[in-house]
Structures are given as structure tokens and as C-alpha cells.
């Protein structure tokens, strides 16, 4: 993997001919987007971080219009140099991190059905677009995504290394909290797209810990219910500047595993 050029993903056959066919969205698709948007957006002022709320306005999201990836990519290119890359669904680690390392955010284009409004095993494009893409207007956030993925690509053939880095991704990009003006706020997409977890994550019920790279790498997580602990950063800049520590702790933990 490290011998490949940085932009190898653009010729990867797994991405061939994939695009968002906007005119094929059905009336039900638009209704699903509208319901989910109108159900969650009112919960986010006072809960979501400033970068997300600012980003929602920058990407022009509304309840009556499904996110258009072509338009989104133009906006993101002007703000952070990023773009949206359509993928078929869950993808292999090498392609996932390869896209992020090339400033391309992978997103599916399918929307859940009415009977799936409350729970999905696999993220759909509402999660990918609504929760992630407004944050892609923040340069510290995107810088963290890009460089964390670069670290992952160096170790892509080591499942243990990828698991450790996935824990960082999980407790930051998906389920991270940030402290703004002395208050807890949300920047993690897994929370931002969930009405229930938005309220729960900011309550006194779960544990809240200061951002700690080593502790996160030693922390397992689950996908089928709310987390019982969240890690809190002081700023998105702190997240970005923690990358050298992430790489250092990763190397230490890999060496410890070899010694055992």
C-alpha cells in the first residue's frame, strides 16, 4: 500500500461508474429525507458544535431537498478542497482510508425506507450527508481525517493497527464531543444523525472523559446501542494536533503486541 501513489483510488475499479442518480430518487425518498431532517434539525441548536451549525448553512441543506453531491462537492472544494465520492455501501478499509487520504468523503446514495426510520444496521446517505458533510467545511476536521487515514494506509495490512485506529475514528469522527464556552457539544456524526443519542450523549447518564489517545485506543466500542462513555476535545484544532501522538502511541502498542 505504501508503494502506491497517493491518488491510486481514482482508478480503482470498485468505484467505476458510481455516481448519484438524483433524478431516480422517489417521492418516498424525499419524504424520508424530510421526516428525518425535520425530526433532528430542531434538536441541534444548543447541542451541535459551532462548526456543524455553520457548515449546515454553507452546504445549503434543507428539509425539502435531498443532498445533491455534485453541488456539495463544488461547495466543499471552495472551502476545504474536499469532494464527495459515491460508494456502493460499506467498503474495504484500503479504499475507505484511501479516499479520505485523497480528500474524498465516501458516501452511499441510498436512503432508508419508511419502516427503517429509527434504526439501520448500515449507514445510509442521510447519515453520510446530513451528519458528516457539514463538518467537512472545517479545515482542522478535514485535516485530521486526511492525515489519520494516511497513518492507517501505512498499516493497512495489519488488522490490529487498523482496529486501534478505528477506535480513534469511532470516538472522534463518529461519536466525539467537544467543549465550547464551557458546555458539551456534539461533532460526532453518529450522534448528530440520532435524535435519541443527541439528548443522551449530553446528559449526565453516560461517562464523559477528556480526550486521551491511549485510553481511546484501549477502549472497545459497540455498534448496536448508545455508547456508555464519550471523549471530549477542547477544540477541533486539538484533534488535528494530536496526530503525532496517535502515531506514536500506535507504534508503541504495536511493539508491545510483538513483544508478547
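Read-outs throughout are calculated quantities, based only on the coordinates presented, and are distinct from any laboratory measurement. A quick note: this is a predicted structure, and the numbers were derived from the prediction, not measured. Don't worry about glycine lacking a Cβ; one is built from the backbone with ideal geometry, like all the others, and counts go over all protein chains shown.
Determine the shape class of the range 164-234: with a ≥ b ≥ c the square roots of the Cα gyration tensor eigenvalues, call it rounded for a/c under 1.5, and otherwise prolate if a/b is greater than b/c, oblate otherwise.
Oblate shape, in that a/c is at least 1.5 and b/c is the bigger or equal ratio.
Pop a pseudo-label 7 angstrom from the Cα along the beta-carbon direction at both residue 14 and residue 237 and give the gap in nm to one decimal.
With each label placed 7 Å out from Cα toward Cβ, I get 3.6 nm.
Would you please classify the overall shape of the range 63-119 from the alpha carbon gyration tensor, given that a ≥ b ≥ c denote the square roots of the eigenvalues, rounded means a/c under 1.5, and beyond that prolate means a/b larger than b/c while oblate covers the rest? Mind showing how you got there, number by number?
Values: a/c = 3.08, a/b = 1.26, b/c = 2.44.
Taking the square roots of the gyration eigenvalues as a ≥ b ≥ c, the range 63-119 is oblate.
Express as a percent, rounded to the nearest 5, the fraction of DSSP beta bridges in the chain (both residues included) that run antiparallel.
Details: 5 of 16 bridges.
Counting DSSP beta bridges with both partners in the chain, the antiparallel share is about 30 percent.
What whole-number distance in Å separates the alpha-carbon centres of the range 92-148 and the range 205-260?
20 Å
Quote to one decimal, in nm, the extra length available between residue 21 and residue 121 on full extension: 0.36 nm per residue of separation minus the C-alpha distance between them.
Residue separation times 0.36 nm, minus the Cα-Cα distance, leaves 33.7 nm.
Using a Gaussian network model on the chain with a 10 Å cutoff between Cα atoms, which of 181, 60, 102 fluctuates the most?
Its mean-square fluctuation being the largest, the pick is 181.
Label the range 208-260 by shape, choosing from rounded, prolate and oblate, from the square roots a ≥ b ≥ c of the eigenvalues of the Cα gyration tensor; if a/c is under 1.5 it is rounded, and otherwise prolate applies when a/b is larger than b/c, oblate when it is not.
Oblate is the answer for the range 208-260, as a/c is 1.5 or above yet b/c matches or exceeds a/b.
Based only on other Cβ atoms within 10 Å, what is the fewest-to-most ordering of 17, 94, 118?
Taking fewest neighbouring Cβ atoms as first place, the list is 17, 118, 94.
If contacts are Cα pairs under 8 angstrom and at least 6 residues apart, what is the relative contact order of the range 17-259 in percent?
This gives 20 percent for the range 17-259.
Can you give the calculated 222 nm mean residue ellipticity of the chain, where each DSSP H run of n ≥ 4 adds -39,500 (n - 2.57) and the sum is split over every residue, rounded to the nearest 500 deg cm²/dmol?
Taken over the chain, the calculation gives -12500 deg cm²/dmol.
So if the hydrodynamic radius of the range 83-163 is defined as the Kirkwood radius over C-alpha pairs, what does Stokes-Einstein give as its diffusion coefficient at 4 °C and 1.567 mPa s, in µm² per second?
95 µm²/s
Relative contact order of the range 182-260, please, whole-number percent, based on alpha carbon pairs below 8 angstrom and at least 6 residues apart. Walk me through the intermediate numbers first.
Details: 42 pairs, mean separation 21.0, N = 79.
Across the range 182-260, relative contact order equals 27 percent.
Under the 0.36 nm per residue contour assumption, what length would be gained going from the current alpha-carbon distance of residue 34 and residue 90 to full extension? All intermediate terms of the calculation are to be shown ahead of the outcome.
On the way: separation 56, 0.36 × 56 = 20.16 nm, distance 2.41 nm.
In short, 17.7 nm is gained.
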